[in-house]
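What follows is a set of notes on a single structure, which appears directly below.
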Amino acid sequence: QVQLVESGGGSVQAGGSLRLSCAASVGTFSTYAMGWFRQAPGKEREFVAATSRGGGVIDYGDSVKGRFTISRDNAKRTVNLQMNSLKPEDTAVYYCAASRTVVPGRTPRNYDYWGQGTQVTVSS
């Protein structure tokens, strides 16, 4: 069983930055691909970013490419999401997810474990 705990959410003005962190309570963290998703009220869960087990393969959703950066530290069992140039449309609950699949891609159902989410609010 993998437990994921997100932190770092909050409120920020447009153009600002936030850094989300996700801590995993599993000894074999390096065997999981990790991803970030977000969900705004009334909308489907949206892929934000993902990193492979070793961090060598990274993917970003089109709406965040060039503004967000995902990184992982297998020794600390954490995955981070640095969010810059935030926009009001980035407002959502952000979820950390872990997948046993080598390349889970952008589909939420390919991820096996989820955190409880952290709220990010960007005001104009």
(request) Take every DSSP beta bridge with both residues inside the chain and express the antiparallel ones as a percent of the total, to the nearest 5. (result) 90
(message) Show me the GluC sites (Glu not before Pro) within region 25-124 that DSSP assigns to loop and that have at most 11 other Cβ atoms within 10 Å of their Cβ.
(response) 44
(request) Could you state the accessible area per residue of the chain in Å², with a 1.4 Å probe and every protein chain left in place? (result) 50
(request) Would you compute, for the Cα atoms of the chain, the largest minus smallest coordinate along each principal axis and list the three values in descending order, in whole Å? (result) 41, 26, 25
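Counting every Cα pair in region 9-52, what percent are over 16 Å apart? Please list the in-between numbers first.
Working: 552 of 946 pairs.
Summing the P(r) of region 9-52 above 16 Å gives 58 percent of all pairs.
The values are calculated or read from the model by the stated rules, or taken from the named source; none is laboratory data. All values reported here derive from a predicted model rather than from experimental measurement. Every residue, glycine among them, receives a Cβ derived from its backbone with ideal geometry; neighbour counts consider all protein chains shown. What goes into the accessible areas is simple: the full protein's heavy atoms, side chains included, and nothing from ligands, DNA or RNA. Shrake-Rupley method; radii C 1.70, N 1.55, O 1.52, S 1.80 Å.
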